[in-house]
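Scroll down for the structure; my scribbles are underneath it.
The values are calculated or read from the model by the stated rules, or taken from the named source; none is laboratory data. Only a predicted model underlies this, so the values are computations on that prediction, with no experimental measurement involved. Positions of Cβ are backbone-derived with ideal geometry, glycine not excepted, and every protein chain shown enters the neighbour counts. Note: accessible area is taken over every heavy atom of the protein model, side chains too, but ligands, DNA and RNA are not part of it. Shrake-Rupley method; radii C 1.70, N 1.55, O 1.52, S 1.80 Å.
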Amino acid sequence: MTRLGGVSMRLELLHHPGCPHAERVRRLLEECLSATGCRAVIIDTVGGCPSPTVLVDGRDVATAETHQPG
């Protein structure tokens, strides 16, 4: 969890073992966090989803679908 402007945020990276895109997505997330001055821990969750998937507060950033916390 992190706080951005006084608001808590949960950030998760869901991926399958060996996903060729997961590390690039992690770096992109880190770059975005750095550019906005936001400090956060990226929670890694392996399996059970299209890979990679980024969730913010349980919501898929690509589809806006809600997922249960990993």
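Residues R26, R59: which one is modelled with pLDDT of 90 or more, charged (D, E, K, R) and open to solvent by 70 Å² or more (accessible area, probe 1.4 Å)?
R59
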For segment 9-21, state whether one or more residues are at pLDDT below 90 and open to solvent by 90 Å² or more (accessible area, probe 1.4 Å). no
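When you go through T36, T45 one by one, which is the residue that is in contact (Cβ under 8 Å) with a residue 24 or more places away in the chain and either open to solvent by less than 40 Å² (accessible area, probe 1.4 Å) or touching a Cys at 6+ places or on another chain (Cβ under 7 Å) (or both)?
T45
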